[in-house]
Amino acid sequence: MIGLALLAAACTPVQQAESARPRPTGNPAPTRLTPAPNVPGNPENGRRVFIARGCGACHTLTGIPTAAGIVGPNLTNVVLRPTLAGDTIPMTPENLTRWILNPPALKPGTAMPALGLTEQEAQDVTAFLYSLPYNPGP
């Protein structure tokens, strides 16, 4: 007990205030995303959709702890690639949104299923993926 009292007495008022401050618990709030220029959609909502729909069960994505899947391709900075879907479709925001909405319609026989997203959700996931190169990693 005396040791703790001496330690507390030796601390400056700033250090005492710092030690009295409540510590955050759980996961920190996600950082606000900078959108990619000229890409419609809400990247923050896209991040929520990506996590809620379990995209990380198949895909890896740096910065999303639950996205460590290996069945599908790694999506870290996927939008910097010239094509998607195994080099068959040019990478554009429009094509990525179409792919996310209904992959088998663009590439019959693909392993990626249609996920039942709305067009807005697919556009938001596209905005999220396009925002990643504009945002610092964890």
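Readers should treat all values here as calculations from the given coordinates under stated rules, not as data from a laboratory. Predicted, not measured: the structure shown is a model, and the values here were computed from it. Glycine gets a Cβ as well: all are built from the backbone with ideal geometry, and neighbour counts include every protein chain shown.
Among the residues of the stretch 102-118, those identified as surrounded by 12 or more Cβ atoms within 10 Å (Cβ to Cβ) and in a helix (DSSP H, G or I) are PRO103, PRO104, LEU106.
Could you check the stretch 119-138 and list, in sequence order, the residues that are part of a loop (DSSP other than H, G, I, E, B) and loosely packed, with under 13 Cβ neighbours inside 10 Å?
Step one: filter the stretch 119-138 for residues part of a loop (DSSP other than H, G, I, E, B), giving 135-138.
Listed by number, the residues that qualify are PRO136, GLY137, PRO138.
Among the residues of the stretch 75-101, those identified as assigned to a helix (DSSP H, G or I) and not aromatic (Phe, Trp, Tyr) are VAL78, VAL79, LEU80, PRO93, GLU94, ASN95, LEU96, THR97, ARG98, ILE100, LEU101.
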